[in-house]
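Data block below; observations after.
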Amino acid sequence: MERIPILKMGKFLLVTIQVDLYDRLALNLEEDLIQMVFKTGAKGVLIDISALSIVDSFMGKIIGNIAGMSSIMDAETVVVGMQPAVAITLIELGLPLSGVHTALNVEKGMALLESRMITGQEDDTTADDD
Amino acid sequence: MERDIIDLLRSKKDQVLTLWLQAQDSDTEASSNFNTHDELQAQSSEFVDLLFGSITEHNIQDFTSWELEALTDYVSSLTISRARQGFSPRETATYIFTLKDALLKVLSEQIESDPVKLYHASIQISKFIDNIGILSFETFITGREDIISQQSDEMAELSTPVIRVWNGILAMPIIGTLDSARTQVVMENLLQGIVDTGSSIAILDISGVPAVDSLVAQHLIKTVNATRLMGAECIISGIRPEIAQTVVHLGIDLSQMITKATLESALKYAFNTLQLEVRRVQKEKVNG
């Protein structure tokens, strides 16, 4: 069965979605990713959706789910490279993905995760309040 | 209508034209026109020629007939040119309807003896000229609507520029009311601007928005959320005192958004976020 690769980069997991995401694949990704977070003890998850041009309410929900699940396992989720059309669609669908951090590209997403790691180490009380 | 009546009118073409021109001269409204008398005469003469050239006993009943295309085209172009010259639609309509008076007058002179025939012929001529009048009005309104839609397109284009204020900072001043259609344009332009320039901060300046109601606020919140999904931060600036008052009175919650009173303070905030600093440089250092 087709699967989306999950790469481990230091303390973080990197997922690059390069194909059109259908429902079954998205559900598999959700499960695989949570397993990987558990196995590797990752502190952050970075999902690159720059190649994703179409999104529906189900996909929005999956992304929200992944973020929610990772955060209770102490890993932050950053979604990077969202296309304007995708962003507008999600907003029109009423899915502002409020628990998810976002960044313009992978580079900035990594920097964001790094900076959150530093603040997390310095002061554990400044947890994610978004 | 019987053929002989049309032939009869056709033979009296010159008389119709003369009567028509006389009526126009006596008409106080039309006499304030911008045409010279010769121009008006040429125009009217062409009109009458076309009318008698295309009208038959069949198509007088059927205004959509293709045989009348030349006449309808002429009426449309006449209306447009008169509208450009500054004639009101009433003046153009009066111009067309005085032709009816002329036609009916000639007709009544010619077939005085047969009232029934005169009655039927008058009704048909009236209907025909009324149709020309309606066509003229339609042309006028269509022309106007074209101009309106063209202008609103231009306005939408003009009022949503994306300005790159600094490396990584975009600004978008919004002028005019934000409705759903404009919000869509604003959002698309802003998000595309963010992708194109790789900016991480967008400033939405609403000092040009006359009023903020719950709908406009909802549109603003949508735009801010969409920007956040893209991975950039959106600052709303240019909140005037009246806007702050209405927003609070309406009970709209803007607390999740970063709002600043002026573009200046928004820019300061943006510099701060990007860890930039604006300093006054000592003059000696510049010269040296």
Between 0 and 90 degrees, rounded to the nearest ten: what's the tilt of helix B:69-85 against the longest Cα principal axis of chain B? 60 degrees
Other chains near A:80-87: what is the mean number of their Cβ atoms within 10 Å of each residue's Cβ? 6
Leaving out ligands, DNA and RNA but keeping every protein chain, what accessible area does B:GLU138 have, in Å² rounded to the nearest 10, with a 1.4 Å probe? 100 Å²
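Sorted by accessible area with a 1.4 angstrom probe, largest first, how do B:LEU250, A:LEU113 fall?
From most exposed to least exposed: B:LEU250, A:LEU113.
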In percent, what relative contact order does chain B have, based on Cα pairs under 8 Å that are 6 or more apart in sequence? 12 percent
Accessible heavy-atom area order of B:TRP20, B:TRP166, B:TRP66, highest first, probe of 1.4 Å: B:TRP66, B:TRP166, B:TRP20
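Please say if the protein assembly as shown is rounded, prolate or oblate, where rounded means a/c under 1.5 for a ≥ b ≥ c the square roots of the C-alpha gyration tensor eigenvalues, and otherwise the choice is prolate for a/b larger than b/c and oblate otherwise?
Note, shape of the protein assembly as shown comes out prolate.
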Using helices alone, I'd like the mean residue ellipticity at 222 nm for chain A: each DSSP H run of four-plus residues gives -39500 (n - 2.57), total over residue count, nearest 500. -15000 deg cm²/dmol
Whole-angstrom gap from region B:179-224 to region B:47-91, using each part's C-alpha centre: 49 Å
What is the local net charge at B:GLY168, summed over the other residues whose Cβ is closer than 14 Å to its Cβ (Lys, Arg +1; Asp, Glu -1)? -1
Rounded, prolate or oblate: which one fits region B:198-272, using the alpha carbon gyration tensor with axes a ≥ b ≥ c (rounded when a/c is under 1.5, else prolate when a/b beats b/c, else oblate)? oblate
The ³J(HN,Hα) series, computed from each phi in region A:79-84 with the Karplus coefficients 6.51, -1.76 and 1.60 at θ = phi - 60°, rounded to the nearest Hz and given as x for glycine or proline, is 9, 10, x, 5, 6, x
Each residue of region A:3-20 in turn: what ³J(HN,Hα) in whole Hz from Karplus with 6.51, -1.76, 1.60 and θ = phi - 60°, glycine and Pro shown as x? 9, 8, x, 10, 9, 9, 10, x, 8, 10, 10, 10, 10, 10, 8, 10, 10, 5
Rounded to the nearest 20 debye, what is the charge dipole size of region B:163-273 about its Cα centre when +1 sits on each Lys and Arg Cβ and -1 on each Asp and Glu Cβ? 160 debye
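Quick check: net charge around A:ALA111, other residues with Cβ under 15 Å of its Cβ, Lys/Arg +1 and Asp/Glu -1? Could the numbers behind the result be given before it?
Details: positive: A:LYS11, A:LYS43, A:LYS108, A:ARG116; negative: A:ASP48, A:GLU76, A:GLU107, A:GLU114, B:GLU233.
Net charge around A:ALA111: -1.
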Separation in nanometres of the label points that stand 7 Å from Cα toward Cβ, at B:ALA261 and B:ALA156: 3.6 nm
Arrange the residues B:TYR95, B:TYR74, B:TYR269, A:TYR22 by how much accessible surface each exposes, largest first, with a 1.4 angstrom probe. A:TYR22, B:TYR269, B:TYR74, B:TYR95
Mind listing the long-range amide H neighbours of B:GLY176? Cut-off is under 5 Å, sequence gap 5 or more, other chains count too, H placed in the peptide plane at 1.01 Å from N. B:VAL209
Would you mind telling me which residue in A:SER70, A:SER53, A:SER98 has the biggest mean-square fluctuation in a Gaussian network model of chain A, where springs connect alpha carbons within a distance under 10 angstrom? A:SER98
Taking Cα pairs closer than 8 Å and at least 6 residues apart, the relative contact order of chain A in percent is 22 percent
Summing -39500 (n - 2.57) over every DSSP H run of at least 4 residues in chain B and dividing by its residue count gives a helix-only mean residue ellipticity at 222 nm, to the nearest 500 deg cm²/dmol, of -21500 deg cm²/dmol
For chain B, what is the largest minus smallest coordinate of the Cα atoms on each principal axis, given in angstrom and ordered from greatest to least? 102, 49, 35
Report the Cα-based extents of region B:3-151 along its three principal axes, largest first, to the nearest Å. 56, 33, 21
Give me the net charge for the shell around B:ALA266: Cβ to Cβ below 13 angstrom, other residues only, Lys and Arg +1, Asp and Glu -1. -1
Quick one: length gained pulling B:ILE134 to B:SER88 fully straight, 0.36 nm per residue minus the C-alpha distance? 15.1 nm
For B:CYS234, enumerate residues with amide H under 5 Å from its amide H, sequence gap 5+ or separate chain, H modeled in the peptide plane. B:ALA202
Could you compute how much accessible surface B:ASP38 exposes when probed at 1.4 Å, giving the result in Å² to the nearest 10? 110 Å²
Decide, for region B:63-217, between rounded, prolate and oblate: order the square roots of the alpha carbon gyration tensor eigenvalues as a ≥ b ≥ c, take rounded if a/c falls under 1.5, and otherwise choose prolate if a/b is larger than b/c, else oblate. prolate
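Assuming R0 = 56 Å, what is the FRET efficiency of B:ASP49 and B:ASP196, from their Cβ-Cβ distance, to the nearest 0.05?
Efficiency at R0 = 56 Å is approximately 0.40.
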Over the residues of region A:6-122, compute the C-alpha Rg and express it relative to 2.2 N^0.38 Å. 0.99
Once normalised by the length of region B:146-288, the mean sequence separation of its alpha carbon contacts under 8 Å that are 6 or more apart gives a contact order in percent of 20 percent
Taking R0 as 51 Å and r as the Cβ-Cβ distance between B:ASP114 and B:GLN41, the FRET efficiency 1/(1 + (r/R0)^6), rounded to the nearest 0.05, comes to 0.95
Nearest-10 value in Å² for the accessible area of A:THR40, using the 1.4 Å probe: 50 Å²
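The values are calculated or read from the model by the stated rules, or taken from the named source; none is laboratory data. None of the values given here were measured: they were computed from a predicted structure. Reconstructed Cβ throughout: ideal geometry from the backbone, glycine too, with neighbour counts over all protein chains shown. The accessibility values were calculated without ligands, DNA or RNA, using every heavy atom of the protein model including side chains. Shrake-Rupley method; radii C 1.70, N 1.55, O 1.52, S 1.80 Å.
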